[in-house]
Amino acid sequence: MFVLPSIDTSHMVSLLLPVLLAGGVFGAIVAWWHGQRGKRARRSEATSKGSKRTTVTAGPGILTNYSAFQNRLQKAIQGSRSGDGAPALFVLDLDKFRYINDGFGHTAGDALLEEVTMRISDLLRPNDIVARVSGDEFMVLVNRAASATAARDIAHRLYDVIGEEYRIAGQTVRLTASIGMAMAPRHGQTAEELTRSATAALSMVKRRGGDGVQLPSGAVTTDAAERLILETDLRRALERDEFELHYQPKFTLADNKMIGVEALIRWRHPERGIVPPGLFIPVAEATGLIVVIGDWVLREALAASVRWRATLPGSTPPPIAVNLSFKQFEQPDFFSSVKQTIKRSGARAQDIEFELTESIVMHNPEAALEILRRLRGLGVGLSIDDFGTGHSSLALLKDLPVQILKIDRSFLRDVPGEAAGTAIVDAIIAMASALGLDVIAEGVETEDQLDFLRARNCYAVQGYLLGRPMPEANFLELINQRHATPAVSPPVAARYLRVVAD
Ligand code: C2E
Ligand code: MG
Ligand code: MG
């Protein structure tokens, strides 16, 4: 068993998620002592078991270390024969580890990471490898997993062992981990492919809020395989101009005014037809391609706004809302790049809005607040998307320079029939109103939902009932039609338009 030291991880998805801290007084010395003691105990225990664990100290370069792991992975894949068990790769990320460093200091954080490394390595057999690929991210190669079930068991054991108590500064601390896994050859036939599969699985855990294991089973397995194929095509899609934006209108409830439109990306794949974003955005995020795709979306939305201003009756196009990925938001030049793109487009900042989820903001609240303030300063509109599905701090929400909360459509599903869903929607509308925010309900599909929301004084709605996402030509037709016959209520227009929309 080899332990490779900490290496670069710019290729890895790195979101931080839940950690449970029990206790309150911080300090490092005791933690360090506990870390050392635990390590010694484990080392001697491992030695007495005859373990061949070797700790590889710092290699010649960051990439060399990563390459070393990838080489071993590649060799394991090439050397595996059917009937012999198959290599399994696990990519692990400690959720919200930064809180440990912030709260207990880096020395204690390091001791804890060593302890995690030891716990992992104690689970493994002599030929298996664990690499710390960054501060709080690990990769584990199990050379011969007997079956998919065995690999899944290992993932759960890794998860459990990381979740056991740690002692830091006299305090009991618990960590949770997010684990993505992949098995050769099913999820990848090269080290690179397998790493991508496992990383994509990890990013799925992260998107759900972390703290879990993503298994290569059932739908997920197909997904992972699917993702591999998609990634190769995705790179080409940009060059071949296969993306397009569809537009879904948003209407006020009080007076049926169209107050804006959401741009939703579609991929017109040469063989598969229209591919929805849910299938390719996670891959684009895992590979970093989302940054280029996101740039394209913004440029295209701005260009559409300029076109609409020139052609639409009344000459004021509705603001276009663009969805943001956490990866875009993490780019150091995100703000300046947005500013420049708007300037070059000839559109006004007010013509564009950004929709971002709670997790984007909560990931690094101070940085997010600063960027959002600067965007707001330009005149760009801001809304929180899928509200209610993430972990928002209400204190932070109060300070965010956003104007709109979009209630996630999952809450609307059981409204008005079901008491819990109804209570949640009520509570969100009341809270938003107290914070001076407008609420848009997403996913409105029935007249009953519309009536319910109207009775609650919800500001605006978006959903299939009122208009599906549609290609630009159909959207312009809708606007022209509304202009010509203002008496047409959105639901009627939508029923007509459903024939042409996606
Ligand atoms: P979202 O931003 O919450 O977008 C709303 C989603 O709900 C859209 O799915 C829309 O088609 C769907 N929807 C709208 N009304 C209804 C309804 O009445 N019933 C139901 N069942 N669904 C409805 P879509 O277009 O598949 O997009 C899914 C997600 O993909 C979006 O969720 C957004 O998070 C992401 N996405 C879409 N376009 C982009 C993009 O350009 N960049 C990024 N980063 N993400 C995008
Ligand atoms: Mg959205
Ligand atoms: Mg949404």
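The values are calculated or read from the model by the stated rules, or taken from the named source; none is laboratory data. Because the structure is predicted, anything quoted here is derived from the model rather than measured. Note: ideal-geometry Cβ built from the backbone for every residue, glycine included; neighbour counts use all protein chains shown.
The residues in the range 90-129 that are hydrophobic (A, V, I, L, M, F, W, C), in a helix (DSSP H, G or I) and touching a residue at least 24 places away in the same chain (Cβ under 8 Å) can be counted, and the count is 9.
Among the candidates Arg132, Arg186, the residue that is assigned to a strand (DSSP E or B), among the basic types (Lys, Arg) and either closer than 18 Å to Gln70 by Cα or under 25 Å from the mean Cα position of the chain (by Cα) (or both) is uniquely Arg132. May I ask you to verify whether Gly443 is surrounded by 15 or more Cβ atoms within 10 Å (Cβ to Cβ) and free of Cβ contacts under 8 Å to residues at least 40 places away in the same chain? In short, yes.
Can you tell me how many residues within the range 147-183 are within 24 Å of the chain's Cα centre (by Cα) and of a type in the set (D, E, K, R)?
Summing the residues that are within 24 Å of the chain's Cα centre (by Cα) and of a type in the set (D, E, K, R) in the range 147-183 gives 3.
Ile352 meets each of the listed conditions (1) within 15 Å of ligand 1 (Cβ to nearest atom); (2) farther than 16 Å from Ile259 by Cβ; (3) in contact with a helix residue (DSSP H, G or I) (Cβ under 8 Å, 6 or more places away or on another chain) apart from (2). Among the criteria (1) in a helix (DSSP H, G or I); (2) among the aliphatic types (A, V, I, L, M); (3) within 13 Å of ligand 3 (Cβ to nearest atom); (4) at pLDDT 95 or above, the one Ala441 does not fulfil is (1).
Check Arg468, Arg456 and return the single one that is within 25 Å of Asp414 (Cα to Cα), surrounded by fewer than 22 Cβ atoms within 10 Å (Cβ to Cβ) and within 16 Å of ligand 2 (Cβ to nearest atom).
The match here is Arg468.
Where strands (runs of 3 or more DSSP E) fall wholly inside the range 294-407, the ranges with 1 or more residues that are more than 13 Å from ligand 2 (Cβ to nearest atom), crowded, with 20+ Cβ neighbours inside 10 Å and at pLDDT 95 or above are 352-357.
Looking at the range 189-221 only, could you name the residues that are within 19 Å of Val161 (Cα to Cα), part of a helix (DSSP H, G or I) and modelled with pLDDT under 85?
Residues of the range 189-221 that are within 19 Å of Val161 (Cα to Cα), as a first pass: 202, 205, 210-215.
Remaining after also requiring part of a helix (DSSP H, G or I): 202, 205.
Within the range 189-221, Val205 is the sole residue that qualifies.
Any residue that is closer than 26 Å to Gly314 by Cβ, out of contact with any Phe, Trp or Tyr (no Cβ under 6 Å at 6 or more places or on another chain) and within 15 Å of ligand 3 (Cβ to nearest atom) - is there at least one of those in the range 422-429? No, the conditions are met nowhere in the range 422-429.
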